[in-house]
Every structure is written in structure tokens, then in C-alpha cells.
1. What strands (runs of 3 or more DSSP E) lie completely within region 81-173 and have 2 or more residues being over 17 Å from residue 183 (Cβ atoms)?
């Protein structure tokens, strides 16, 4: 269903909460009951109509916000926020390295040796591969990134992993934006990648860990 279709469906759902329009049959909008079950006097139609419209607007607002959150969860985002875009950033002690579109550092796994990924299963849980979403064939080279070095490799599960200078790229689950906590991890198997395409084996300044 399209984004417009979702929002129209939410509007119809909110409209269903409105009273039927018959002053003699206002349903739960027009009467209330004490815990003992004793009916209370009906609210006059004009007052009840005001209350119902107010409640209808509230329900519509809630459903609209929920719908927007749902659309966001389905991957509707601004082009600049796409995680598979490659960007460049400066890290103290490392120089200019690659990060993804959200600003998280990207790493190479030396055993890959610029070939197919060897990080699968448990390894890929700690070091998530940077993969393209379904239907997308190419990553995006941002400012400072050499588009000629950007490529892809097919993983064992069929997904396309982004590469740079033939190195499959990975994230690290213990990183925050701008951090390079994975540098030198795995007994020296994981390193950040310079925008030149060279593996950056320099230690990271303590301020970035």
C-alpha cells in the first residue's frame, strides 16, 4: 500500500468513530453508566456532537502520527539519510576514513583479502555487513569518496554487500557515531578504511574510543 493509501485508511478509521447522525441513537457517545449499571441522563445532541467531534479529531491525530511512524519504520526516509551512502570523515589519529550515510565507521576484515566476505553467522552479528536494500544495485559515493572504488560483492545469502577498493565493508555493533572502537579488534583483523582505499592500521586516539 502506498503512503497516501495508508493515510487515507487511517482517516477512514477515525471517521468510523463519529456518531451515526441520529440524535435518538447516539451509542456510547451520548450516555454513560455508573458502576452499578444505572443509566445516566443523555447528553443533549448539540453538546454530544461537540464532544464527539473533539474526540474524533483526537483519534485522527493519534492515528495520523501512528501512520507516519509506521511509514518511517518501513524505510521512508530522506535520500541523504540512506545508510548505504559512503561518506568521508576525519578521525584523530587515523585521518580521513569511510563512514556510512548515518555517520558510523566502516571496517574491513583482513581475511577477506579483497575478495568475497568471510564474515558470516556469529561474525556478522558483531560486524554487520553494509548491504544494499532490495532492488538497489549500487551504493552512493558522497563527497570525498572515490566513486571508481565503490562496488558490491554477493554474500552467501544472496544480498549485495558494499565494497570499496574491492574490500567488503562492515559496521561494528559497539560503535557510536564518530567512534572507531573496532580498530585493531579480533587480534588485528579489523581496521578502518582510508578514502584512498588503503587499510588504515594506525591506532585511534583515546578521545574516539
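The values are calculated or read from the model by the stated rules, or taken from the named source; none is laboratory data. Everything numeric here is computed off the predicted structure, so don't read it as measured data. Don't worry about glycine lacking a Cβ; one is built from the backbone with ideal geometry, like all the others, and counts go over all protein chains shown.
1. On the way: elements: 85-91, 95-99, 107-109, 150-154, 160-164.
Counting at least 2 such residues, we get 85-91, 150-154, 160-164.
One line per residue, one yes/no per condition, for (1) touching a strand residue (DSSP E or B) at 6+ places or on another chain (Cβ under 7 Å); (2) assigned by TED's automatic domain parsing to the domain that holds residue 200; (3) at pLDDT 95 or above; (4) within 17 Å of residue 200 (Cβ to Cβ):
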| site | (1), (2), (3), (4) |
| --- | --- |
| 87 | yes, yes, yes, yes |
| 92 | no, yes, no, yes |
| 152 | yes, yes, yes, no |
| 160 | yes, yes, yes, no |
| 167 | yes, yes, yes, yes |
| 175 | yes, yes, yes, yes |
| 179 | yes, yes, yes, yes |
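For every residue, the table says whether it meets (1) without any contact (Cβ under 8 Å) to a residue 60 or more places away in the chain; (2) more than 16 Å from residue 96 (Cβ to Cβ); (3) buried (at least 17 other Cβ atoms within 10 Å of the Cβ).
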| residue | (1), (2), (3) |
| --- | --- |
| 131 | yes, yes, yes |
| 141 | yes, no, yes |
| 160 | yes, yes, yes |
| 168 | no, yes, yes |
| 175 | no, yes, yes |
| 185 | yes, yes, no |
| 201 | yes, no, no |
| 204 | no, no, yes |
